[in-house]
Structures are given as structure tokens and as C-alpha cells.
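Computed from the coordinates by the stated procedures, all read-outs in this text should not be read as laboratory data. Only a predicted model underlies this, so the values are computations on that prediction, with no experimental measurement involved. FYI the Cβ positions are ideal-geometry reconstructions off the backbone, even for glycines, and counts take in every protein chain you see.
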Amino acid sequence: MGRQPSYVQTDPTNRFLYVANAQSNNISIFTINATAGTLNAVMGSPVALPPGATSPYCIHIEKTGNFAITANNGSDNITVFNITPAIGLLTGGTNTALAAGAKPTFVTTDPSGGFLVVTDFGTNNVTVFTFAGGAPTAPTNVGSGGTGPTSIAFNPAGTFAFSANQGSNDVTPYSFAAGTLTAGTPQSMGAGSTPSGVIVDPSGNTLYVACGGVGKVIPCTIAPGTGAIAPGTGVAAGTGTFECTIDAVSTGGPYLYAVNSGSSNVQAFTIPGGVPAPDGAAVMVGTGPFSVTAFR
């Protein structure tokens, strides 16, 4: 494992786990034992970022499993790697510049896979690229309307997106069509909430916001026609709630998992009717976790 692991994601087949190591500027890759959930390092791991790329805060594996993209906070760029499907290894590594001072924190693709979206914490923007054949092109910058966008999530239909704006304690809803992201009015999550993670449930009806400042997950209903969000009552998750993810396939689910960097644990929730309900006690993990993913 590299230094300061900051984000984890599996490939679409759930055979490989990728870890972005922000301090050592590399990516750790593991095979996943589907029965026991144990990890084994892939030969050749960790893979270094190419020259000119530093501090990968996030890694995203796009839907085909052919490309991995990192958001490099220290160098104001993103890097696209090729993935060798049989062994999961990353090769190549091509940098694409963002605006000076962008300080990207998160990268993802829209549900179609045709567009790449990056949150620019330093410039309060979201950058959208056309993404074909592993090449990001034609970037456009969209103002978040908030301060310090940390992450962004799409609804399953790919018609709306939502960014967590850590600095302004709010979430911006966007409409999305043909690669055009249009910002709506940011919705406050409350003073001192410092939202950092967002995820939409499989139905597309509820947005969950991880709010580290208050240690809660706040469920927000999503208006079907407009994408406007209405926050509900936050549910305690732990200390320093940083990110959340959803397991939509396990028996009894879907389940929501919230990772808490301050209390060094992960809290599981069931989400009947969109409202998180704790599913047992939080599980202790290593010190200061920042990311969680679920697979089956």
C-alpha cells in the first residue's frame, strides 16, 4: 500500500480494487477474493503516476473497465490510464490539464460513460469533458454556485447531478443533457455541516449527503421534473462523516455505508422509504478512513 490512501473503487467486474495514494503519488491494485473478500496485491502494483501528476485524491474506473482516471489535487490535472482487463494492471498514463488552481478532488463519468466530470475545489467549478476512447476533450467549466465542491454524483438516468460544496455548507443541483451541465440554486445543508460526499439511491428519488461537520448523513428528496432537492432530517453516522456509498444488490438491501474519518469507523444503514436507519453498531476500521466502496 502507498502513503495516504485517499480513495478506493472496484472495477465493474468486482475482481480488482484500486486505491489512490495521495502522498506517494501512485495507485495500489489488488485482486479481490469473491468468497472471503480478502485482497492480494497485483504484480507490478503500486503503479506510479506519470511525471507532472501529483496527489491523486480520487480514482474512477469507467463503466467499460478499460480506463482508470485520477483527479490530481497537487498538479491541477487528471490522468487517464489504460487497464489490462485480464490482470487489472494500469499502463500508459496521460495527463490532461485543468485550470490553474483547480485543486481537483473528485472525478467520475456520467451514466452513459460519454462524459468525464471533475470537481475543482480550488476554483469552485465543475469541469466536463467529452470522453471517447479514453481521451478527455472539449472541456467546459461550470460554476458550482457554492464554495469548495468536493464530490459530485449523478442520478441513474443521467439527467441530474449534485455537487457537495464543503466550503459553503450546501449542495448544488444540476440538470444534465448532451454533455451540458446547468447549475441550479445551491441548497443549504445547515451551518457547519461541511458536506463532502454525495450519492443517489438506485431509484433516483433520494440523494444522501455525508456531512462531516455534524457527523450525519442527510437524506434529500429529489424532485423528478427539476432535480431540486429538499433536505430531510440528518441521521447520526459518526465523527467526521466524509463519504457514503450504496450496496444495492445484497439480500435485505439496499444498504447505505458511511465512512467516518474522525471516529475511524463505518456505519451501515438500511434505507427504507429513503430514510437511513442504523443497521447495527458502527464497525471500527483503520485510523482516519476517507473512502468506502461496496461490492458483491
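Under Stokes-Einstein, with the Kirkwood radius over Cα pairs as Rh, the value for the range 46-108 at 37 °C and 0.692 mPa s is 282 µm²/s. Mind telling me which of VAL42, VAL266, VAL117 comes out most flexible in a GNM of the chain, alpha-carbon contacts under 10 Å? So, out of VAL42, VAL266, VAL117, the one fluctuating most is VAL42. From largest to smallest, the equivalent ellipsoid semi-axes obtained for the range 153-296 from the alpha-carbon gyration tensor read 24, 17, 13 Å. Largest GNM mean-square fluctuation among ILE199, ILE61, ILE83, using the chain with Cα springs under 10 Å: ILE83. Here, P(r) means the percent of Cα pairs in each 5 Å bin from 0 to the largest distance; for the range 1-143 it is 2, 11, 22, 24, 20, 12, 6, 2, 1, 0.
Could you give the distance between the Cα centres of the range 72-122 and the range 1-46, to the whole Å? Each part reduced to its Cα centre gives a spacing of 17 Å. Residues LEU90, LEU39, arranged from fewest to most other Cβ atoms within 10 angstrom of their Cβ, appear as LEU39, LEU90. Think of the chain as having a plus end and a minus end, set by charges on the Cβ of Lys, Arg, Asp and Glu; of ALA99, GLY44, ASN165, GLY44 sits farthest toward the positive end of this dipole.
Using Cβ point charges alone (K and R +1, D and E -1), the dipole size of the range 1-143 about the Cα centre works out to roughly 200 debye. Please compute, over every Cα-Cα pair in the range 229-274, the percentage with a separation greater than 15 angstrom. More than 15 Å apart: 47 percent of the Cα pairs in the range 229-274. When the charge dipole of the chain is built from unit charges on Cβ atoms (+1 for Lys and Arg, -1 for Asp and Glu) and taken about the Cα centre, the candidate among LEU116, ASN155, SER55 whose Cα reaches farthest toward its positive end is SER55. A P(r) calculated from all alpha carbon pairs of the range 100-226, with 10 Å bins opening at zero, reads 15, 48, 32, 5, 0 percent. Rounded to the nearest 20, the Cβ-based charge dipole of the chain about its Cα centre (Lys and Arg +1, Asp and Glu -1) stands at 240 debye.
Each of [x] 21.3; [y] 31.1; [z] 13.6 is a candidate for mean projected area of the Cα convex hull in nm²; the one calculated from this structure is [z].
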